[in-house]
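This report concerns only the one structure given below.
The values are calculated or read from the model by the stated rules, or taken from the named source; none is laboratory data. All values derive from a computational prediction rather than experimental measurement. When we count neighbours, we look across all protein chains shown, and the Cβ atoms used for this are built from the backbone with ideal geometry, even at glycine. The protein model used for the area step is the full one, side chains on, heavy atoms only, and it has no ligands, DNA or RNA in it. Shrake-Rupley method; radii C 1.70, N 1.55, O 1.52, S 1.80 Å.
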Amino acid sequence: MTAMIPLFHERLHPGPFVTLIAVIFGVLLGAILMPLSEIASVVTAVALGVLFPAILFAASPVVEVREDVVVAGPARIEIDVLGEPRILSKDDFTTILGPEIRPLDFRLVRGWISTGVEVPVVDPKDPTPALVLSLRNPEDFALALKAAQKEGVREGESSRTR
């Protein structure tokens, strides 16, 4: 069995500002111990200053487009039930998450990423109308999804002719 190589892969890790906040928070927690012991305070500050950003990076969700499925954090959805992706600019993203929010959409949104993509779900049995995903490279995601959908159509046609 061969491993499936994703057509698109992006980890939604925090940006530099959020990472800096995590480091500062860890150092400040270590500084609380200063009245008890300077050594314990410095060791704790360094450890937490490294640990908090590491946890943020390790816990960051992944968005992938594979040959037959889109993986967005905990969600997995088949390519053949997805419609045409729409790339969301910063203003579009703000609108779709604000005044035009739809409660049933699946959202994988990170506040430090201001662009994304909206992909309609065309399965009539699925109550989720769309996927709304934060992405730093929404154009690459859209191209990979279109390529996977096109390949799926070709495979479906070739299997019918056999």
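Residues considered: D105, D123, D92. Of these, the only one that is more than 28 Å from V18 (Cα to Cα) and modelled with pLDDT under 95 is D123.
Considering the range 52-82, the residues that are surrounded by fewer than 14 Cβ atoms within 10 Å (Cβ to Cβ) and not charged (D, E, K, R) include one that is nearest to F141 (Cα to Cα), namely P74.
The condition (being closer than 18 Å to K146 by Cβ and part of a loop (DSSP other than H, G, I, E, B)) is satisfied by just one residue among E100, E84, E64: E84. S89 fulfils the conditions (1) closer than 17 Å to P14 by Cα; (2) surrounded by 12 or more Cβ atoms within 10 Å (Cβ to Cβ) except for a single criterion, (1). Give the range 104-119 a look and list any residue that's part of a strand (DSSP E or B) and either open to solvent by 50 Å² or more (accessible area, probe 1.4 Å) or touching a residue at least 60 places away in the same chain (Cβ under 8 Å) (or both), or say none. Hits for the range 104-119 are F106, R107, L108. The set of residues in the range 121-146 that are outside any loop (DSSP other than H, G, I, E, B), closer than 13 Å to P85 by Cβ, open to solvent by less than 50 Å² (accessible area, probe 1.4 Å) and not β-branched (V, I, T) comprises A130, L131, L133, P138, F141, A142, A144, L145.
Scanning for something within 28 Å of V27 (Cβ to Cβ) and either of a type in the set (A, V, I, L, M) or touching a Ser or Thr at 6+ places or on another chain (Cβ under 6 Å) (or both), does the range 102-118 turn up at least one residue? There is at least one residue in the range 102-118 that is within 28 Å of V27 (Cβ to Cβ) and either of a type in the set (A, V, I, L, M) or touching a Ser or Thr at 6+ places or on another chain (Cβ under 6 Å) (or both).
Checking the range 23-34 against the condition returns a match, with at least one residue being at pLDDT 95 or above and in contact with a Pro (Cβ under 7 Å, 6 or more places away or on another chain). So, in the range 32-46, of the ones that are surrounded by 14 or more Cβ atoms within 10 Å (Cβ to Cβ) and of a type in the set (G, A, S), which residue ends up farthest from A147 (Cα to Cα)? Within the range 32-46, the match that is farthest from A147 (Cα to Cα) is S41.
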